[in-house]
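The values are calculated or read from the model by the stated rules, or taken from the named source; none is laboratory data. What you are looking at is a predicted structure, and each value in this text was computed from that prediction instead of being measured. Counting neighbours? That spans all protein chains shown, and the Cβs are built from the backbone with ideal geometry, glycine included.
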Amino acid sequence: MSIASVTSSTGVNGATTSSKAGQGWGAMGAEDFVKLLTTQLQNQDPTEPVDNTQMLAQLAQFSSLSNLNDMKDSLGTITGQSETLSAIATKLDTLNSTVAQLLASQPTSTSTNA
């Protein structure tokens, strides 16, 4: 059983709820996947139930997608930290240059003990 698109679903008391159709996978989360899965199970033909291998494949695909999204978030965090470290390094280089210039401009004094 395949689901081409979801536009709306009917709730318990006949109330219609809108879904996130058309927003792509980026807008869907685990809760949306579970809703789709339970709706699919509730509306399946009892004489031709969903194949277990298809269901496991869907679960594995969602798990993979979830892990990839987590990795993307982690890489985004690492990138942000890298940019912060780069900015700190630039400021430290500027500070080192300023200190070196100040030290070079100070007169040197030599003391002799006689």
Do the conditions hold for GLN61, that is, is it modelled with pLDDT of 55 or more and surrounded by 10 or more Cβ atoms within 10 Å (Cβ to Cβ)?
-> yes
Cross-chain or 6+ apart pairs with Cβ under 8 Å, region 70-89 first and more than 26 Å from ALA30 (Cα to Cα), then surrounded by 10 or more Cβ atoms within 10 Å (Cβ to Cβ) = none
